[in-house]
Amino acid sequence: MEQAVHTRNHTLTMEGRSRAQLTGVDAVCCFNEREIVLETSEGEIALLGEGLHIEQLDLQAGQLDVTGEIAGVEYNGPARSREKRGLFSRRKR
C-alpha cells in the first residue's frame, strides 16, 4: 500500500524587524539569542539577529513566533542530513 507524503508550504510574515511568524515549521535545529535555524519541507531557514526569543512553538501545527531584533533571513535548499548542511554547518556559532 502506498503512503501519501504530506508536505506543507511555509510562510514567513515579518512585523517590522522585531517579530516574525512562520508556518510550515517541521523542527527547530538550533537556537540562541543570535540565530534560530528551522527545518521545513522546503529546506532550512535561519533567522539572524540580536536578542532573538521563541515566543511560541507548536510543531504539530507547524507554527513559530519569534521576537527580537531580526537582522536577516537565510534559506538553504532542501533538507539534507546534518553532516551535509553546507552553509549552516560552516557558520561560526
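The values are calculated or read from the model by the stated rules, or taken from the named source; none is laboratory data. Keep in mind that what you see is a predicted model, and the values were worked out from it rather than measured. Ideal geometry is used to build each Cβ from the backbone, glycine not excepted, and the neighbour counts take in all protein chains shown. Side chains included, ligands, DNA and RNA excluded: accessible areas come from the protein's heavy atoms. Shrake-Rupley method; radii C 1.70, N 1.55, O 1.52, S 1.80 Å.
Net charge near MET14: determine it from the other residues with C-beta under 15 Å of the C-beta of MET14, scoring Lys and Arg +1 and Asp and Glu -1.
-3
How large a share of the accessible area of segment 11-79, in percent, is made up of carbon and sulfur atoms when the probe is 1.4 Å and the other protein chains stay in place?
Carbon plus sulfur share of accessible area: 46 percent.
From the protein chains alone at 1.4 Å, what is the descending order of accessible area for ASP65, ASP26, largest first?
So, going from the largest accessible area down, we get ASP26, ASP65.
Order these peptides, 46-52, 11-17, 58-64, by their mean beta-carbon neighbour count within 10 angstrom, highest first.
Values: 46-52: 17.1, 11-17: 11.7, 58-64: 13.7.
Descending mean neighbour count gives 46-52, 58-64, 11-17.
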